[in-house]
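The values are calculated or read from the model by the stated rules, or taken from the named source; none is laboratory data. Here the structure is a predicted model, which means the values were calculated and not measured. Positions of Cβ are generated from backbone atoms using ideal geometry, with glycine treated the same way; all protein chains shown enter the neighbour counts. Please note that ligands, DNA and RNA were not included when accessible areas were found on the heavy atoms of the full protein model with its side chains. Shrake-Rupley method; radii C 1.70, N 1.55, O 1.52, S 1.80 Å.
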Amino acid sequence: LEPTMTQLVGPLRKELADSLFSCRVLVVGAGGIGCELLKNLVLTGFKNIEVIDLDTIDVSNLNRQFLFQKKHVGKSKAQVAKESVLRFCPSANITAYHDSIMNPDYNMEFFRNFQLVMNALDNRAARNHVNRMCLAADIPLIESGTAGYLGQVTVIKKGQTECYECQPKPTQKTFPGCTIRNTPSEPIHCIVWAKYLFNQLFGEEDADREVSPDTADPEAAWNPADAAARATASDQDGDIKRVSTKEWARSTGYDPVKLFNKLFKDDIMYLLTMDKLWKKRKAPLPLDWTEIQQIESSQEESCGMGLKDQQVLGVQGYTQLFRRSVETLRSQLIEKGEGAELVWDKDDPSAMDFVSAAANLRMNVFSMNMKSRFDVKSMAGNIIPAIATTNAVIAGLIVLEALKILNSDFDQCRTIFLNKQPNPRKKLLVPCALDRPNSNCYVCASKPEVTVKLNVHKTIVQALQDKILKEKFGMVAPDVQIEDGKGTILISSEEGETEANNNKFLSGFGIRNGSRLQADDFLQDYTLLVNVIHSEELEKDVEFEVVGDAPDKAPAPSAPEEGKNIANGNKDSAQPSTSSKAAAEDDDVLIIDSDEEPSSSTMEASPESSNRKRKHHDADDAASKRKRLDQQPSDDDEDIIALD
Amino acid sequence: MIDTIEKEDNIISEEEAAQYDRQIRLWGLDAQKRLRGSRVLLVGLRGLGAEVAKNLILAGVKGLTLLDHEQVTEESRRAQFLIPVDADGQNQAQASLERAQLLNPMVEVKVDTDAVESKPDDFFFQFDAVCLTRCSKDLMVRVDQLCASRNIKVFCGDVYGYHGYMFSDLGQEHHYVEEKPKVVKGSNEANDGPEAKKGKVDPNETTMVKKTISFCSLKEALEVDWTNEKAKSSLKRTPADYFLLQVLLKFRTDKGRDPQPDSFAEDSQLFLQIRDDVLETMGLSSELLPNTFVRYLQMQKLMGGLDAPHRNFFFFDGLKGSGVVDYFGSK
């Protein structure tokens, strides 16, 4: 008979009890999984726990992050979690950090303090980073994630198992510019457009995220000179590209009527002149402000049954919403003063109203069924539904794996999937053997190497740093040398040192087809050799390609397809795995990382906006970083390790 | 009772909408309303009970009654997170009340310090669902029987070391809905040219399909006849945890408590004895039941009527990390 953990009998059990008492563990994240995990750790007998989270508490957290109450909204998650835990376990030794784990203060030496690290994160960038730190410090890492009813736990140990980055994960789905600007066919395209529009009008303008009709659309095969004569372009200059959307909007005083007519009438009519686009597609139908005002204002049933947000309004309703939100955002801008910019925040009512209205009006133009604000918010904010119980189960499984690690029963460790329904073998919880490291992994291989295809004449150094090394390859503060015999330094992580290089093209440094770059992130103790292949034939909107990457996949449905569950029976227990792909297809669910839109300029931004956010991160000093942490609460939503 | 939503409960307040947002996005507003109209009884406030209490309160049920006649001891206090450190000697349910209530002020949390055995039948009739932990087999069978007549859902569960089980009886006719993707035929609003003419599955559109399944009583589930050929052939695929449960329930009945590490030697002997007896009575070999135990189990059953419920046992083996759903009883 084996007794419960808190009451131990026998020599082996005593060793485990002692190690629980003396070991130090790090919990990264104090949200859904984090709260449950902290509770479980102290009840199990762990004594020395450090927890870090950059976030503050939001009311939407309260349905599951049970260490927090309404009165705590706005406060630091890590701090309040610690206080709540101490109330039922005063003898626990807990250190809380209201900070980002990607802060260079948390270096290898910091990580080496711990016998075990457990992630309770909600975004890939942080997971990649902690993965590397644990590899560098050679500390076992327990990874986990949840979404809705689904969850997953796995163990990462350098040299023995796959690391978090051994298998490529599907990247967040992006859409081609012309789909967003010219030919949307799904509500999500309109929502993305509306978010771009928000930034172009009220926030930080981004040349990569235009909203106006894309005249360079290859599908339009359209003669600019010709159409310029025909087009009823909204811009006075006659050339849409020359005046920025924001400048134009400013010139009209952010007049909602003028904005409405430009976006939903004039620009649409312009698109109509690109007639090739509409040969096989339903052509968009422009809206007219005056006409809409004249529609009998139908009593839009305020149905007391549902949530107000879940109503789908009519064109008139969204037009009113558009006008109101523009006016509100305009005054917010004015209040902030000269040169002010607003930041998109799904929890800011006017920002959300604006996107909801603009997206729906565009959906209407393109003959799509409109969506409620509730649904738009889900899509615009990348919200992942979440409940307490899934997190509770996963947190329980994390501790069980932790005990195995501390007991040196490493061969007992597993990846465990929590499904919504039992599989044909009746399993709701599916354990799978851990896989060995991928010898070609661009992170944990002995000499990681990748090959990147790009245009050396068109790629600037800044793009290499931000989009390739940071966003794609997860570095936080890269240093890059060219392997040209001279060791020319292209990028230095020291602020200001190589700033002059940022806007220069790579070719200007002699980089060409076959060149090799050595990229280092000293914090992560990570060196990556980048082989450059020059190409002038990349697809439109594609700046670079990693050779050997699987093409981007659309998000998979969230339920396991029964048809796929052909018994890969050997996956289900202690037998060696044949291939990790089999594990993914067997019983588990292909779950996509989906970074929820943060509510302000926090560190862990979604890939969409991470470029700009990371720029801010680098440029600021520590003081202002910490200050930003105290700003508006940002949502946390657990995402999951994706398996290919 | 939770099939109909009372008139007053039709409106969801702003406060609820904000707090329950992330779960409404998962199981829908309707399910949230049903939860909000449900009164639940929870028996037993040890580790498992505390977890169940937390989960139900956070989910936003109308009322939760915490019933436990036992007193707080050092052991029970260390097992759960609702009892304050200075509460030794108090009633366990009473000691858990304050922290439980703070989890969600919108839920009515009540305490009952009586022993569940002493409760008359009609006590249970005020609830929509009953969750039983740490109860004797006889009590569970009795409660299950009388609840069945009133369409009250019954859930039983326990944790033993590294093992755990949950049993559910949702009645002879349990209705639920399943979300299925809608297949759209003909050209529709999506302007995708020629493709729009073909019928296609629109990932964004789903339809709700109504279903009904039946559950058997706990008595039936525990009195499966293993001597017939069909049952014997299914033995290989039967989780050993089912037999472990039988043995542990008998231990609990005979000894009035669960096996304790403190009385390891005495208990292990008795346990093995009971194991032999129970399996022999069933006409089965003792080899069926190895000695391994439980750690964690969550009773995570929803009464929202959404999705196929797990039918009718869930067994968790913490050493293997496996969780299995299986059905015992007449089908």
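Summary of computed values
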quantity: A:Val312, A:Val243, A:Val80, reordered so the largest accessible area comes first (probe 1.4 Å); calculated: A:Val312, A:Val243, A:Val80
quantity: Simple label model, 7 Å out from Cα along Cβ direction - A:Lys280 to A:Gln421, nm; calculated: 3.6
quantity: Table column - 3J(HN,Hα) (Hz), region A:131-139, Karplus curve with 6.51, -1.76, 1.60, x for Gly and Pro; calculated: 3, 5, 5, 6, 5, 4, 8, 6, 10
quantity: Label-point separation, A:Lys540 to B:Ser118 (7 Å along Cα→Cβ), nm; calculated: 8.0
quantity: Accessible area in the full protein assembly, largest first, 1.4 Å probe, for A:Glu50, A:Glu537, B:Glu98, A:Glu219; calculated: A:Glu537, B:Glu98, A:Glu219, A:Glu50
quantity: Rounded FRET efficiency, nearest 0.05, which uses the C-beta distance separating A:Phe410 from A:Asp309 and R0 of 56 Å; calculated: 0.70
quantity: Shielding by other protein chains, A:373-383, mean Cβ within 10 Å; calculated: 1
quantity: Averaged over B:317-329, number of beta-carbon atoms from partner chains that fall within 10 Å; calculated: 6
quantity: Other protein chain Cβ atoms within 10 Å, averaged over every residue that makes up A:63-70; calculated: 5
quantity: Sites B:Ser214 and A:Ser367 - FRET efficiency at Förster radius 35 Å, r taken between beta-carbons, to 0.05; calculated: 0.15
quantity: Accessible area that becomes buried as A packs against B, both chains, 1.4 Å probe, Å², nearest 100; calculated: 6300
quantity: Length released on extending from B:Thr73 to B:Glu229, taking residue separation times 0.36 nm less the Cα-Cα span; calculated: 51.3 nm
quantity: Debye log10 I(q)/I(0) for region A:449-547, one point scatterer per Cα, at q = 0.12, 0.14, 0.16 Å⁻¹; calculated: -0.33, -0.45, -0.60
quantity: Cross-link table B:Lys33/B:Lys137; A:Lys14/B:Lys54; A:Lys169/A:Lys308; A:Lys158/A:Lys486; A:Lys157/B:Lys320; A:Lys280/A:Lys377, entries beyond 26 Å C-alpha to C-alpha; calculated: B:Lys33/B:Lys137; A:Lys14/B:Lys54; A:Lys169/A:Lys308; A:Lys158/A:Lys486; A:Lys280/A:Lys377
quantity: For region B:218-296, convex hull volume per residue from C-alpha positions, Å³; calculated: 109
quantity: Using a Förster distance of 56 Å, the FRET efficiency for A:Thr328-B:Gln145 (Cβ separation, nearest 0.05); calculated: 0.40
quantity: Separation in nanometres of the label points that stand 7 Å from Cα toward Cβ, at A:Thr174 and A:Thr527; calculated: 3.0
